[in-house]
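Working notes for the structure below.
The values are calculated or read from the model by the stated rules, or taken from the named source; none is laboratory data. Bear in mind that the values here come from a model prediction, so they are computed numbers and not experimental data. Cβ sites come from the backbone with ideal geometry, for glycine too, and all protein chains shown count toward neighbours.
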Amino acid sequence: MNADMNFRLSKQRRVILEELKKVTSHPTADEVYDMVRQTLPRISLGTVYRNLEFLCTKGLVLKLGGPGQQKRFDGNPVPHPHIRCEVCSKIVDVMEEVSVPELPEGCDCGFDIHNCNIEFVGVCPECKGTAQ
Ligand SMILES: [Zn+2]
Ligand SMILES: [Zn+2]
């Protein structure tokens, strides 16, 4: 990311990005909409969707969730591992270093590999019923 691109972000996009950076809860688009409306009461859900997609294509925001899963958004664009609850689909960050798997030589199918998304899947304390 460079300062120039930041400067050219519209106010709506800046607010969406700022709100996303405040939380580590990996909100859904609907949750982002609720957060952004505190600052921009007239914004529509469709605008929030479009701006989230835009921020993702610019690499400023990460989109999480596979096919059939609700999309969640992460204001931390630096790749980091996640743990997803398979019951409530909550996602938490793993900020400690995790060793990233490496493709054996010749197994890259000709791709330039840029990134590796690591997602651990399990059941969170709330869903296990063991939360304090
Ligand atoms: Zn859960
Ligand atoms: Zn994250």
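Computed quantities for the displayed model
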{"item": "Matching option when the condition is touching a residue at least 40 places away in the same chain (Cβ under 8 Å) and either farther than 20 Å from residue 56 by Cα or touching a Phe, Trp or Tyr at 6+ places or on another chain (Cβ under 7 Å) (or both), among 98, 87", "result": "87"}
{"item": "Hits in region 65-84 (condition: farther than 19 Å from residue 29 by Cβ and either polar (S, T, N, Q) or crowded, with 16+ Cβ neighbours inside 10 Å (or both))", "result": "80, 81"}
{"item": "Filter result (without any contact (Cβ under 8 Å) to a residue 40 or more places away in the chain and on the phi < 0 side of the Ramachandran plot) within region 65-82", "result": "66, 67, 69, 78, 79, 80, 81"}
{"item": "Residues of region 79-92 classified as near ligand 2 (Cβ under 9 Å from one of its atoms) and either of a type in the set (A, V, I, L, M) or within 8 Å of the chain's Cα centre (by Cα) (or both), total", "result": "2"}
{"item": "So residue 62, is it near ligand 2 (Cβ under 10 Å from one of its atoms) and either surrounded by 16 or more Cβ atoms within 10 Å (Cβ to Cβ) or more than 27 Å from residue 130 (Cα to Cα) (or both)", "result": "yes"}
{"item": "Count of residues meeting criterion [within 11 Å of ligand 1 (Cβ to nearest atom), in a strand (DSSP E or B) and of a type outside the set (Lys, Arg)] in region 76-113", "result": "4"}
{"item": "In region 114-129, the residues that are away from ligand 2 (no atom under 16 Å from the Cβ), part of a loop (DSSP other than H, G, I, E, B) and surrounded by 10 or more Cβ atoms within 10 Å (Cβ to Cβ)", "result": "123"}
{"item": "Residues (surrounded by 10 or more Cβ atoms within 10 Å (Cβ to Cβ) and at pLDDT below 85) located in region 96-112", "result": "98, 100"}
